[in-house]
1. Could you pull out the trypsin sites (Lys or Arg not before Pro) across the range A:116-160 that fall in loop regions by DSSP (anything but H, G, I, E, B) with no more than 13 other Cβ atoms inside 10 Å?
2. What is the sum of charges around B:Asn86, taking Lys and Arg as +1, Asp and Glu as -1, for the other residues whose C-beta is under 12 Å from the C-beta of B:Asn86?
3. Relative contact order (percent) for the range A:11-145, with alpha-carbon contacts under 8 angstrom and 6 or more residues of separation?
4. Give me the number: length gained by fully extending A:Leu246 to A:Ser86, i.e. 0.36 nm times residue separation minus the C-alpha to C-alpha distance, one decimal in nm.
5. Can you quote the Å³ per residue value for the convex hull of the Cα atoms in the range A:85-239, rounded to an integer?
6. Each residue of the range A:33-39 in turn: what ³J(HN,Hα) in whole Hz from Karplus with 6.51, -1.76, 1.60 and θ = phi - 60°, glycine and Pro shown as x?
7. Quick one: compute the contact order of chain A, relative version, from alpha carbon pairs under 8 angstrom and 6+ residues apart, as a percent.
8. Output ³J(HN,Hα) for the range A:206-211: one whole-Hz value per residue in order, computed from phi by the Karplus curve 6.51 cos²θ - 1.76 cosθ + 1.60 with θ = phi - 60°, and x for Gly and Pro.
Amino acid sequence: MFSPLIGGLQKTTDYRVVLPFYFYAAISFLVANILLLLHTNITDVNYFNPYTLAITHAMALGWGTMIIFGASHQLLPVLVEGKLDSNTLAYLTFSFAAIGIPILIYGFYVFNTGYILQAGATLINVAVIFYLINVFSSSFKSKKRNVHAWYIVAATLWLFSTTFFGLLLVFNFTQNILPQNSVSYLSIHAHLGLIGWFLLMVIGVGSRLIPMFLISKYTNDKVLWIIFILINTSLISFIIFKTLQLNTYFYYFSIVMSLIAIILFANHCKKAHKIRIRKNVDEQMKTSLISVLQMILPIVVLIIILSILPNHHQDKIVLLYGFCILFGWITAIILGMTFKTLPFIVWNKVYHKKAHAGKTPAPKELFSEKIYHLMLLIYLIGFIAFIVGIIFTNQLIVKIGAAALLIAAILYVINTSKVFLHKPQKI
Amino acid sequence: MSVNNIITNDTERCNFALIGLYEVDDPEVGLNVVDLGLIYQLDFDSEEKNLDAQITLTTQFCPMGESITSNITQALSNAFPDWKINVNLTFDPPWDFSKISPEGREFLGH
């Protein structure tokens, strides 16, 4: 006879809610890398062109956002110390985003600024509204909200700001609803997403998961609140400076705020790493920790753009800045965290009530370590080659970089498929 | 009385329970729940056939907590099939490094 468990046991989200997001993200990563290889000449032209926009949105929405949607539905109970409020809203989020994202990408690819882009952007906004309701209802049903919950709430609000502003920009292509043309607002739209959504979310989730996976008791809510305030101040100040069209020097204030926040977060991770109980850190955690350092790279590029380069060189460096964020920091953290979270979700599904009956495979045995290492190596080669190719304006090196990134994406899909298709082994 | 740092009122039955509990791993760490120090107390009431277990997790927010606790319950139920099993999760005192056995520490690289 069993009795109900007493105590604050974490409720796990149903795997059926989470897995479609991971699968969709893997396919999007592959598609984005195919597009990158087919259109490497984007490195020689202005960043406002159909192919760059298509690839950027495939990476930001199809890859980054979809995997964060999946992971956050799984981790929301851990972050808000409650349970996911609605599986139905999660399914609706997936359905609308899954249809809207390819329509939007296709709209950019063929540069149909009319109904195709409008339909894609509208569907994505509906998906984000469902996600927003779910995050809010889950967070505010919980008796208390810790600092991590506020990160996820704020990040979700910034995500909605990003997609809603994106919707306005799309309609502004055909109807004059904003004072200036849509291109003038691209940097605000991009930073709403990159800083407000991705950076806040990654720090909010990472600050809880990294100590948890390292089995480290380190925690410092005061520092996490300071980081939270710095990032939000940085983003709000940037929007104000940009809207008022102030001198470039004002932007340094916003950049320094973000830089201090990232350094504080890196230091937070370092301290958690230092007092960890688990001494043997696995490769996935190493990848995630390295990606924290990769956050600094785009800031360095941004300072170069503003302080050193004359205006006619800026197109190339803006592209480099975006590449370092989407294909660098965001991709690296996803590559690491996918193989930390996905095997657990599938393991929980397959072995949830079987682990007492004998030795089961460990979650890390659900994917191939060999393929993982190869993927990381090829990804790093591709990432570095692509950057070198952009800097030296060498199409051959850019092509080699893009090809290597595509191979890394293929290996990622193979290895995640291995996890998805895992069948229970006889115990 | 205690067996492997587990407080108990019946060392013989506790040792028998441990056979099953050694088979239950924390899937993230890859170490069994006994060496990890997640089992705080096992109280046996042979007259009422009642087993009260006090257990913990490495962190209150462990996403694998549901799986670990249900597997501990199942392992105890397998060891004592006609007993009532009460598994109580506690975070007082919170789990820390001192709860890990020497074998567990070696496994974790210490």
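Values quoted throughout were computed directly from the atomic coordinates according to the rules given, and no laboratory measurement underlies them. In this text, all values refer to a predicted model and were calculated from it rather than measured experimentally. Here Cβ is always computed from backbone atoms with ideal geometry, including for glycine, and neighbour counts include all displayed protein chains.
1. On the way: sites: A:Lys141, A:Lys143, A:Lys144, A:Arg145; in loops: A:Lys143, A:Lys144, A:Arg145.
Those satisfying the criteria are A:Lys143, A:Lys144.
2. Numbers: positive: B:Lys49, B:Lys84; negative: B:Asp43, B:Asp45, B:Glu48, B:Asp52.
Within the 12 Å Cβ shell, the charges total -2.
3. Details: 171 pairs, mean separation 39.3, N = 135.
Dividing the mean separation by the residue count of the range A:11-145 yields 29 percent.
4. Values: separation 160, 0.36 × 160 = 57.60 nm, distance 4.40 nm.
Full extension from A:Leu246 to A:Ser86 adds 53.2 nm.
5. On the way: hull volume 19.8 nm³, N = 155.
Considering the Cα atoms of the range A:85-239, their hull volume per residue is 127 Å³.
6. After applying 6.51 cos²θ - 1.76 cosθ + 1.60, I find 6, 5, 4, 5, 5, 6, 10 Hz.
7. On the way: 559 pairs, mean separation 67.6, N = 427.
For chain A, the relative contact order is 16 percent.
8. So the J values, rounded to whole Hz, are x, 5, 8, 6, 4, x.
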